[in-house]
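Quick note: the coordinates plus some simple rules give every number you see, no bench work behind them. Keep in mind that what you see is a predicted model, and the values were worked out from it rather than measured. Cβ sites come from the backbone with ideal geometry, for glycine too, and all protein chains shown count toward neighbours.
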Amino acid sequence: MTTITVRQNGPYCFEGDDGKVVDWNGNEYQIAKRPFSLCRCGGSINKPFCDGTHSRNGFQAAEAAVPGSADKPAV
Ligand code: FES
């Protein structure tokens, strides 16, 4: 089973062994390790993967699955 977790003010974290990431031509990106994260802030120099830049560029996002739900502390 695959789970994609939207991290608070961070990337999309992809957990699972059965997924792949492809570009617009259908070509598959090589994934060095699992789990992995996909950039949501636009600042990574290793797109589409997260390189940790979000923690330095002040990226903030407010989407939660249940609007108004109590936030857990950011990890
Ligand atoms: S979300 Fe981590 S570098 Fe963009």
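Shown for Thr3, Thr53: other C-beta atoms within 10 Å of each C-beta, ranked fewest to most, produce the order Thr3, Thr53. Counting only residues at least eight positions apart within a chain, or on another chain, the lysines with an alpha carbon under 25 Å from that of Lys33 are Lys20, Lys47. What the Cα convex hull of segment 1-45 gives, in volume per residue, is 88 Å³. Comparing Lys47, Lys33, Lys20, which has the greatest mean-square fluctuation in the GNM of the chain with Cα pairs linked when under 10 Å apart? Maximum among the listed residues: Lys33. Placing +1 on the Cβ of every Lys and Arg and -1 on the Cβ of every Asp and Glu, with nothing else charged, gives the chain a dipole about its Cα centre of roughly 220 debye. Among Gly52, Gly26, Gly43, the largest mean-square fluctuation in a Gaussian network model of the chain, built with springs joining Cα atoms closer than 10 Å, belongs to Gly26. Working note: Karplus 6.51/-1.76/1.60 with θ = phi - 60° gives segment 31-47 the couplings 10, 6, 8, 10, x, 9, 10, 9, 5, 10, 8, x, x, 5, 8, 10, 4 Hz, where Gly and Pro are set to x. Mean silhouette area of the chain, derived from the convex hull of its C-alpha atoms and averaged over all directions, reads 6.0 nm². Scalar couplings 3J(HN,Hα) for segment 9-15, obtained by applying the Karplus form with A = 6.51, B = -1.76, C = 1.60 to θ = phi - 60°, are 6, x, x, 8, 9, 9, 10 Hz; x denotes Gly and Pro.
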